[in-house]
Amino acid sequence: MTATQSEITQSTRYNPQSSSSFALAIAGMKCASCVAVVEKRLLACDGVRAASVNLLTEKATVVCSDQSLPQDLAPQLIEAIAKAGFAAEFIDKRDDKSKHKGDRNSNHVSKNLSKNSWLVSWLGFSKEIFIPALLVLLALVGHLGLIGVADFPLLGNMYAHWIVSTVALGWIGRPIWWDGLKSLWYRAPNMNSLVGLGTLSAYFASTIALFVPQLGWACFFEEPVMLLGFVLLGQALLERAKGKASSAIRALMQLQPDRARLLVNSADGELQVPIAVDDLQIGDRIMVLPGEKIPVDGEIIRGSSSVDESMLTGESSPVFKPLGTKVTGATLNLTGAIAVQVLQTGADTTLAQIVSLVESAQASKAPIQNLADRVAGYFAYSVMAIAAFTFLIWYGVIHAELVFSLRLAIAVLVVACPCALGLATPTAIMVGTGIGAEKGILIKGGASLEKINQLSAVIFDKTGTLTTGKPEVTDVLTNDLVIFGRIVIDQTTFRSLIDRQVPASALRVLQLAASAEVGANHILGAATIAKAQDLNIELLPTQSSQIVVGCGVEAMLISGETILVGNAEWLGDRHVQISSEMIRRSQQLAQAGKTPIFVAADCRLVGMIAMRDRLKPEAPEVVRQIESMGLQVWMLTGDRQETAIAIANQLGILPERAIAEVKPEGKAAAVLKLLAEGQRVAMVGDGVNDAPALASATVGIALSSGTDVAMETADIVLMRHDISDVVPAIQLSRATFRKIRQNLFWAFAYNTLAIPVAAGILYSSFGIILNPTIAGLAMALSSVSVVLSSLSLR
């Protein structure tokens with residue numbers, strides 16, 4: 001692996017929820033400049049290894065050094081942030097959970113109010129836009145004469161303009177310029193600093209012009225008023241758009257019901273007692289009626305039902321849940337009353353883990369954001385310097401009027417938009433990961449999105465991923481038949497259980513193999529045992545059984561016989577002779593896509609068992625779609641080369657991309673080999689032995705019904721255990737990353753073009769000038785446009 005690949009791999013393995021990390025809620029951040037300041041202050045503190053601040057979620061994720069504890073470090077960080085002019089609060093997971101519950105309840109109340117009266121919703125929006133609209137209206141009313149409309153007698157008076165602008169700045173706009181001045185005092189200028197300097201400069205210049213008329217300056221009180229109006233209007237629209245961007249996480253939080261029916265034994269029989277879901281404990285028994293949501297994760301101990309899991313997996317078809325089946329909290333019970341024993345509660349439930357994962361993903365950053373963060377750190381200072389330079393050039397060098405020069409400098413201050421830089425990445429990540437969560441595709445952060453965009457190949461683990469993971473015995477071959485002194489191989493093919501009588505020699509092979517495999521816990525052994533049970537074969541007792549990884553199973557029967565079940569190479573190493581005819585037949589079976597397993601007793605070959613793990617019906621189409629996206633498809637399998645090539649042909653994978661005879665511990669090495677060749681690789685798997693390969697790959701994709709360790713090390717988790725979701729997962733990630741790049745391009749392009757125009761670069765040649773009011777409107781709309789651009793992902 002190259003150094004770059006290693007760095008990327010390590011960065012994506014950072015887990016924001018690990019025991020050495022914690023979160024802080026940050027209040028008062030307005031733009032990307034604020035984010036840069038907070039991150040800089042956090043990283044300057046002892047004991048902080050890494051810090052990531054998200055403008056949209058208003059949270060900072062802090063990774064401690066090994067010697068530091070979150071509860072000890074948090075006060076120091078809160079103090080450091082306070083010195084930068086921001087308020088911070090330590091987020092305790094338990095408090096955060098309560099807050100989510102409170103959010104859910106408050107949203108529920110708001111929803112009910114909205115149902116009762118459309119007026120509530122309308123008033124909520126009106127309150128946000130009424131004051132900005134009023135400011136713009138007042139500024140316009142005083143200048144109706146300029147467009148041929150009669151002025152209002154009072155509002156056309158310049159002293160009335162002064163009163164309106166004084167009230168606007170001193171009351172309505174005070175939070176903006178006061179926050180801006182405080183940020184300047186703390187040497188952390190932000191968007192409000194630029195707007196504050198612009199509006200106050202316009203106000204004081206106009207005030208001087210009004211009360212000292214002999215200077216001959218023009219008054220422009222309407223500009224700071226309209227500027228404030230447009231800024232406030234932009235903020236209102238931005239907050240509404242940001243709320244829509246975060247709708248997915250709120251929807252997830254609202255899935256879990258608040259109450260459950262606890263089953264309690266009493267003298268009168270079994271009672272159903274209403275209880276808060278938060279009070280449930282592991283081992284409790286609850287009743288879930290048809291039409292009710294299952295409160296927590298559990299196991300059905302009475303009854304059966306069909307369950308709608310679409311809210312978690314995106315799968316619309318109901319799933320039948322018989323007795324003894326596990327059910328997931330927040331899913332909908334459809335047809336039957338079921339009694340469920342609680343297995344997981346609180347933060348350990350599937351829903352809570354999904355919410356936590358999505359929150360962490362939405363709080364993360366894509367590496368492409370680093371450039372914007374570096375620019376944002378110097379943005380406000382640079383804009384103030386450009387504004388001062390603009391004033392000096394026009395007034396001191398070109399000798400333009402003072403008010404004209406001042407208005408150009410103000411336009412430079414207010415047209416600049418650090419907000420667009422700060423929102424470009426987090427809004428796209430929030431919308432993209434939210435869409436994924438709704439479809440059962442959990443993407444773990446911005447770094448994963450960026451790496452998926454760079455992929456060149458996708459590797460599938462064969463067993464359980466491309467195949468059903470449930471091998472079936474198809475053939476049994478024995479060499480006990482001797483005709484005219486020549487050993488003849490007899491082959492029994494199982495097309496059905498009743499097609500013909502199974503020879504005794506074949507039953508003997510199955511008996512020996514199944515007896516040896518009983519304690520092995522191997523997927524191929526399970527198939528042998530299942531076939532023996534179907535044929536009512538009595539298994540032989542064993543003294544011991546041992547798995548030889550990548551080779552087979554060795555068992556000792558009570559009778560003293562040593563049974564070997566495995567591949568030809570291993571049996572050969574154990575001095576078991578295999579005839580050339582048996583080898584030839586095994587090759588034929590392998591070429592048909594079957595896996596041959598040899599069985600020996602006391603170093604004498606007794607037969608061979610062939611198995612087939614059927615391909616998932618959707619697998620060939622998934623391979624075709626991935627290749628149509630310009631990606632190579634590879635397959636890892638422990639099967640011999642002939643079997644691997646046969647399966648690859650069925651899937652449409654090139655034979656040279658079928659990597660065969662890979663032992664479980666060799667999967668990661670196979671991935672690393674492709675990485676060393678310059679490939680950017682996604683690994684798709686679900687088992688414990690897939691975890692190292694998932695961690696080694698550029699991007700790990702795990703199926704949710706796999707093991708916890710596989711899902712923990714993956715970058716993407718597919719909740720439906722459907723490899724068809726690999727295609728939309730890649731498509732969604734690519735679309736989200738494209739949107740991030742579009743947003744960043746727009747943010748940089750807007751500031752790069754707007755600031756020179758505001759500085760008057762087009763005035764001499766074309767007579768084009770950007771007055772502060774229009775500059776303020778452009779600034780406000782640029783931020784809103786970035787969020788709306790991200791929302792267009794939907």
Inset, instruction - Name the single residue, out of those in the range 746-784 being open to solvent by less than 40 Å² (accessible area, probe 1.4 Å) and among the hydroxyl-bearing types (Ser, Thr, Tyr), that is nearest to Thr427 (Cα to Cα). - result: Ser783
Legend entry - Residue selected from the range 612-640 under the condition touching a residue at least 60 places away in the same chain (Cβ under 8 Å) and among the polar types (S, T, N, Q), by the criterion farthest from Gln588 (Cα to Cα): Gln625
Inset, instruction - Taking only the range 453-469 into account, find how many residues are at pLDDT 90 or above and open to solvent by 20 Å² or more (accessible area, probe 1.4 Å). - result: 1
Inset, instruction - Determine whether the range 741-748 contains at least one residue that is free of Cβ contacts under 8 Å to residues at least 40 places away in the same chain and either in a helix (DSSP H, G or I) or in contact with a helix residue (DSSP H, G or I) (Cβ under 6 Å, 6 or more places away or on another chain) (or both). - result: yes
Inset, instruction - Would you mind stating whether Ala676 is on the phi < 0 side of the Ramachandran plot and at pLDDT below 90? - result: no
Inset, instruction - Just one of (1) outside any helix (DSSP H, G or I); (2) at pLDDT below 90; (3) closer than 30 Å to Trp394 by Cα trips up Gly760, so point out which. - result: (2)
Inset, instruction - Give me the pairs, please: first residue somewhere in the range 522-542 and under 16 Å from Asp475 (Cα atoms), second residue anywhere and open to solvent by less than 40 Å² (accessible area, probe 1.4 Å) and of a type in the set (Val, Ile, Thr), beta-carbon distance under 6 Å, and either six or more positions apart or on two chains. - result: Ala527/Val473; Lys531/Val473
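Take Leu512 and tell me if it is open to solvent by less than 60 Å² (accessible area, probe 1.4 Å) and touching a strand residue (DSSP E or B) at 6+ places or on another chain (Cβ under 9 Å).
Here the answer is yes, as Leu512 does meet what is asked.
The values are calculated or read from the model by the stated rules, or taken from the named source; none is laboratory data. Treat the numbers as computed from the prediction; the structure is a model and nothing was measured. Note: ideal-geometry Cβ built from the backbone for every residue, glycine included; neighbour counts use all protein chains shown. Areas reflect the complete protein model, heavy atoms only, side chains present, ligands, DNA and RNA absent. Shrake-Rupley method; radii C 1.70, N 1.55, O 1.52, S 1.80 Å.
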